[in-house]
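Trainee: Here it is: the structure, laid out below.
The values are calculated or read from the model by the stated rules, or taken from the named source; none is laboratory data. Here the structure is a predicted model, which means the values were calculated and not measured. For neighbour counting, all protein chains shown are included, and Cβ atoms are generated from backbone atoms with ideal geometry for every residue, glycine included.
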Amino acid sequence: MKLLVAACRELRSNSCAGWVLMTFAALMCMPGCHRDQSATAVRDFTLPQVRGGIFQLRGRPSQAVLLAFLQTVPDTADSPSRRQVTFLLSMNHQYSACGLKVVIVDSSALVPPQQPTRDTLINASYDWQLDIPLLEDDGNRVASSWGVTQVPTLMLLTPDGTLAQRWQGLTGPAILARSIENVCDGSSGRAARFGR
């Protein structure tokens, strides 16, 4: 970004080129755009699954993880979180063979602040026809510690415990697939290192 600002200063005399460069910079900073965060180690967490059991991030040896922080209530068919689930289910079916684990963390308490009951979350998991874990994040403890401020927010984690990609806002299947393929193709031979 600093490089783009410096380039814009140099291009003041040529306003057309400056506008093109500034437009490109603005597009790269928009929510939902691709951001490479490959050097960021991730925090481990343990959360209850709404249908029973416990999910621990560190317990995913040699497995890429697509974490989705979504809002399950209020539930409307056209909500960004509900639409994101369709893409998540597709990614789960297409890339489970390469070791991808898709996980949804309920972040309904973010906006507007409301914490759904366990029964509401169980119903949501069936209403949304989830065959992937839905985790209960009471009080948004995990979402807050991961810097999640809006829903949906998606994070793609490599098998070696680093954050490969982060998206804010509704993210389409082509963008997700491209990033997942890059992680799956580059993950052979790595050891799991979550929570370094």
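Trainee: Considering only residues of the stretch 182-193 that are within 24 Å of residue 89 (Cα to Cα) and surrounded by 14 or more Cβ atoms within 10 Å (Cβ to Cβ), which is modelled with the lowest pLDDT?
Mentor: Among them, the one singled out is 187.
Trainee: Residues to consider are 85, 73; find the one that is outside any helix (DSSP H, G or I), at pLDDT 65 or above, of a type in the set (A, V, I, L, M, F, W, C) and surrounded by 15 or more Cβ atoms within 10 Å (Cβ to Cβ).
Mentor: 73
Trainee: Restricting the search to the stretch 158-187, which residues are in contact with a helix residue (DSSP H, G or I) (Cβ under 8 Å, 6 or more places away or on another chain), closer than 25 Å to residue 111 by Cβ and aliphatic (A, V, I, L, M)?
Mentor: Once the filter is applied, which keeps residues that are in contact with a helix residue (DSSP H, G or I) (Cβ under 8 Å, 6 or more places away or on another chain), closer than 25 Å to residue 111 by Cβ and aliphatic (A, V, I, L, M), the stretch 158-187 yields 170, 176.
Trainee: Could you please find all residues in the stretch 48-66 being closer than 22 Å to residue 123 by Cβ and part of a strand (DSSP E or B)?
Mentor: Scanning the stretch 48-66 gives 48, 49, 54, 55.
Trainee: If the requirement is being under 21 Å from residue 43 (Cβ atoms), under 12 Å from the mean Cα position of the chain (by Cα) and surrounded by fewer than 15 Cβ atoms within 10 Å (Cβ to Cβ), which of these qualifies: 139, 147?
Mentor: 147
Trainee: How many residues does the stretch 88-112 hold that are modelled with pLDDT under 95, in a helix (DSSP H, G or I) and either touching a strand residue (DSSP E or B) at 6+ places or on another chain (Cβ under 6 Å) or farther than 25 Å from residue 44 by Cα (or both)?
Mentor: Here the count works out to 0.
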